[in-house]
Amino acid sequence: MNRLPQLTLAALATAVMLAACGKKEEAAPAATEAAAPAADTAAAAPVACGKVTVASMNWQSAEVLAQIDRLILSEGYGCEVEIVPGDTMPTLTSMMEKGQPDVAPEAWINAVRQPLDAAVKEGRLHYAAESLKDGGVEGIWMPKYIADANPEIKTIEDALKHPELFPSAENKDKGALHNCPSGWNCQITTGNAFKAWGAADNGFVLVDTGSAAGLDGSIAKAYERKEGWLGYYWAPTSILGKYEMVKLDAGVPHNKEAWENCNSKQECTEPVKSDWARAEVYTVVTDRFKNEGGAAYEYLAARGWGNDTVNALLAWMSDNQATGEDGAKHFLKNQPDVWKAWVSADAAQKIEASLQ
């Protein structure tokens, strides 16, 4: 998904798709600084962290990551952290033009790749760790119980040979491929993928889910009834933390030229088969913070987590109607094996003590 889909809650829908489905696909940032190992953090000379402004983007995974950073930076490194509201485009634009906020924890960078790379080259901004080590992932998915029962289905093409496994609620003689929520850019790209793979000729109909809640509800309903389901989705999200889904191999690489010139456009008449691009998600920091943050910056240069970890945490938050701060405390209390690799031993002791 190009980040502007990533989140399943209604409040997240717009932000997610703008950051997910609206992204331009590019190679990894050549200017990315190597993530510093936690051991180096311990050896860093003590530097007063001072005041740090951290952007909290308005989708669930970014919100909880901002709160994790707040707790670790304040409790572990003595920073005075201020959380400020943010979103992909306005936050990164402000960082490029004004040097504020200091940190964008979960920046889906493809949407602003060219100006951001230019700011990094000029030394105004810096890439720290890759926040989502697996990147933002989107494509066509099916439930794991369907995959287990049909091990021969590995690719999108394989699945489209079996409309009987994914029956449409409106017409049992047809298979159903569920589309991305209405109004999101991925609704266009999924519709064009439906055409490119000749899904209609294989007995499928394209189902309009209407909204992120409608799409999530269709997955939940299928899972509860152990019915077939096939459709567009993305990671990380709370739904994938609650329901085990399998992403199908596209069978072809991402075709950047075709994607940008046709597959992502409503008026595309001859879409081609193309995998979705992996969205790159980095922590971006200002030059001031990189130079003055000391060990606090080294933490951000080491901090990154996998989609499975994020999915599980978002599912817990959804089930418990938890805030980002609730989720951050739950994560720090229950998964020290993950976050202790990001910090020095001294910082880890301080963080653990603050959770008592």
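The values are calculated or read from the model by the stated rules, or taken from the named source; none is laboratory data. Here the structure is a predicted model, which means the values were calculated and not measured. Cβ placement follows ideal geometry from the backbone for every residue including glycine, while neighbour counts extend to all protein chains displayed. Just so you know, the surface numbers come from the protein's heavy atoms only, side chains and all, with ligands and any DNA or RNA stripped out. Shrake-Rupley method; radii C 1.70, N 1.55, O 1.52, S 1.80 Å.
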- Message: Please verify whether W276 is under 26 Å from I109 (Cβ atoms) and either in a helix (DSSP H, G or I) or among the basic types (K, R) (or both), treating the condition exactly as stated.
- Response: no
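Looking for something assigned to a loop (DSSP other than H, G, I, E, B) and modelled with pLDDT of 95 or more - is there at least one such residue anywhere in the range 102-116?
Within the range 102-116, one or more residues are assigned to a loop (DSSP other than H, G, I, E, B) and modelled with pLDDT of 95 or more.
For every residue, the table says whether it meets (1) over 17 Å from P163 (Cβ atoms); (2) within 17 Å of the chain's Cα centre (by Cα); (3) in a helix (DSSP H, G or I).
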position: A176; (1), (2), (3): no, no, no
position: S182; (1), (2), (3): yes, no, no
position: C186; (1), (2), (3): yes, yes, yes
position: G214; (1), (2), (3): yes, no, yes
position: S218; (1), (2), (3): no, no, yes
position: E224; (1), (2), (3): yes, no, yes
position: L240; (1), (2), (3): yes, yes, yes
position: G251; (1), (2), (3): yes, no, no
position: A258; (1), (2), (3): yes, no, yes
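Look through the range 146-161, keep the residues that are assigned to a loop (DSSP other than H, G, I, E, B) and in contact with a strand residue (DSSP E or B) (Cβ under 7 Å, 6 or more places away or on another chain), and return whichever of them is surrounded by the fewest Cβ atoms within 10 Å (Cβ to Cβ).
Step one: of the range 146-161, the residues assigned to a loop (DSSP other than H, G, I, E, B) are 150-154, 160-161.
Pick out the ones that are also in contact with a strand residue (DSSP E or B) (Cβ under 7 Å, 6 or more places away or on another chain) and you get 154, 160.
Details: K154: 14, L160: 24.
Going through the qualifying residues, I end up with K154.
Within the range 135-145, restricting attention to residues that are touching an Asp or Glu at 6+ places or on another chain (Cβ under 9 Å) and not in a loop (DSSP other than H, G, I, E, B), which residue is modelled with the lowest pLDDT?
To start, the set of residues in the range 135-145 that are touching an Asp or Glu at 6+ places or on another chain (Cβ under 9 Å) comprises 135-136, 139, 143-145.
Applying the additional criterion that residues be not in a loop (DSSP other than H, G, I, E, B) yields 136, 139, 143-145.
Values: G136: 92, G139: 96, P143: 98, K144: 98, Y145: 98.
Here the answer is G136.
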- Restricting attention to the range 288-330, and to residues there that are of a type in the set (G, A, S) and open to solvent by 10 Å² or more (accessible area, probe 1.4 Å), which single residue is nearest to the chain's Cα centre (by Cα)? G306
- Message: Exactly one of these conditions fails for A212: (1) of a type outside the set (F, W, Y); (2) touching a Ser or Thr at 6+ places or on another chain (Cβ under 7 Å); (3) open to solvent by 10 Å² or more (accessible area, probe 1.4 Å). Give me its number.
- Response: (3)
- Among (1) under 28 Å from E224 (Cβ atoms); (2) surrounded by 19 or more Cβ atoms within 10 Å (Cβ to Cβ), the one test that E130 misses: (1)
